[in-house]
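> Let me give you the structure first, and then I'll get to my questions.
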């Protein structure tokens, strides 16, 4: 099954995958126009898709120059299910809220708070507004 939708509203499967212990491949554009992809934790906050990074990271620098982003969230229990979200980072949040958020994500993914000594600069939440989402569940066959 494939389902593609345009617009900012999150698809229910995107929400399901983003609230589980599923990893996301996050792609941003380098100044050269080439694509950079990293595997990150992902979440939902106030109904929006979010990732948490640090201000010194290349992905954050990329977003400051070009807000376009693609996030592919893979179901870790079933890699034939995934959601691809293409959109833009439409806002950022730093400070205590971003620091608390990385602890929330770390507890979900690892069971512990994020190690303070692993933070090299300021934490930042990237709020992603979808423009297009494609949902794939290869376990559901809709062919004739």
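The values are calculated or read from the model by the stated rules, or taken from the named source; none is laboratory data. Every value quoted in this text rests on a predicted model; they were computed, and no experiment measured them. Here Cβ is always computed from backbone atoms with ideal geometry, including for glycine, and neighbour counts include all displayed protein chains.
> So residue 38 clears everything in (1) in contact with a helix residue (DSSP H, G or I) (Cβ under 8 Å, 6 or more places away or on another chain); (2) crowded, with 16+ Cβ neighbours inside 10 Å except one condition, right? Which one?
Single failed check for residue 38: (2).
> Just for the stretch 131-144: of the residues that are more than 20 Å from residue 23 (Cα to Cα) and exposed (fewer than 12 other Cβ atoms within 10 Å of the Cβ), which one is modelled with the lowest pLDDT?
At the first step, the residues of the stretch 131-144 found to be more than 20 Å from residue 23 (Cα to Cα) are 131, 140-144.
Then drop every residue that is not exposed (fewer than 12 other Cβ atoms within 10 Å of the Cβ), which leaves 140-144.
On the way: 140: 80, 141: 63, 142: 54, 143: 50, 144: 46.
Residue satisfying both the conditions and the ranking: 144.
> A further question follows. Which one of 20, 33, 87 is under 13 Å from the mean Cα position of the chain (by Cα) and farther than 18 Å from residue 127 by Cβ? Even if it seems obvious, please write down each step before you answer.
Values: 33 fails: under 13 Å from the mean Cα position of the chain (by Cα); 87 fails: farther than 18 Å from residue 127 by Cβ.
Exactly one of 20, 33, 87 is under 13 Å from the mean Cα position of the chain (by Cα) and farther than 18 Å from residue 127 by Cβ, namely 20.
> From the residues in the stretch 70-81 that are out of contact with any helix residue (DSSP H, G or I) (no Cβ under 7 Å at 6 or more places or on another chain) and crowded, with 21+ Cβ neighbours inside 10 Å, which one is nearest to residue 25 (Cα to Cα)?
Within the stretch 70-81, the subset out of contact with any helix residue (DSSP H, G or I) (no Cβ under 7 Å at 6 or more places or on another chain) is 70-72, 74, 76-81.
Then keep just the ones that are crowded, with 21+ Cβ neighbours inside 10 Å; that gives 71, 81.
Working: 71: 6, 81: 14 Å.
Result: 71.
> Given the criteria surrounded by fewer than 19 Cβ atoms within 10 Å (Cβ to Cβ), assigned to a helix (DSSP H, G or I) and out of contact with any strand residue (DSSP E or B) (no Cβ under 8 Å at 6 or more places or on another chain), does residue 16 qualify?
Here the answer is yes, as residue 16 does meet what is asked.
> What single numbered condition from (1) in contact (Cβ under 8 Å) with a residue 60 or more places away in the chain; (2) out of contact with any helix residue (DSSP H, G or I) (no Cβ under 8 Å at 6 or more places or on another chain); (3) surrounded by fewer than 17 Cβ atoms within 10 Å (Cβ to Cβ) fails to hold for residue 48?
(3)
> If we keep just the residues of the stretch 82-130 that are surrounded by fewer than 15 Cβ atoms within 10 Å (Cβ to Cβ) and touching a residue at least 60 places away in the same chain (Cβ under 8 Å), which is nearest to residue 9 (Cα to Cα)?
Looking at residues that are surrounded by fewer than 15 Cβ atoms within 10 Å (Cβ to Cβ) and touching a residue at least 60 places away in the same chain (Cβ under 8 Å), I get 108.
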